[in-house]
Amino acid sequence: MRILPVLCALLLLMLQGTTGLSLARGSRQDCERRGGFCSHQSCPPGIGRVGLCSEQEFCCRMRWYP
């Protein structure tokens with residue numbers, strides 16, 4: 001029974017990676033191609049993180065909800 005929480009955690013990690021919820025590492029050009037911009041340390045309020053530009057920069061983009 002102790003292995004059940006570990007299996008659940010692993011399953012959630014695998015699902016998170018397959019659904020695209022993990023931050024994709026890329027470059028400044030990749031970020032701009034995706035319609036985003038690079039920001040140091042954090043994204044402005046109301047703007048979501050969609051990837052990484054470098055170790056210190058996040059790729060930020062406005063989230064659109066249809």
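No lab work stands behind these numbers, since they all come straight from the coordinates. Treat the numbers as computed from the prediction; the structure is a model and nothing was measured. Neighbour counts run over all protein chains shown; Cβ positions are idealised from the backbone, glycine included.
A few notes on this one:
- Here segment 24-65 is assigned +1 on the Cβ of each Lys and Arg and -1 on the Cβ of each Asp and Glu. Its dipole about the Cα centre then comes out at about 160 debye.
- Two-site FRET efficiency, LEU11 against ARG63, from Cβ-Cβ distance with R₀ of 30 Å, rounded to 0.05: 0.70
- Near CYS43, no amide H atom lies under 5 Å from its own; only residues 5 or more places off or on other chains count, and H is placed 1.01 Å from N.
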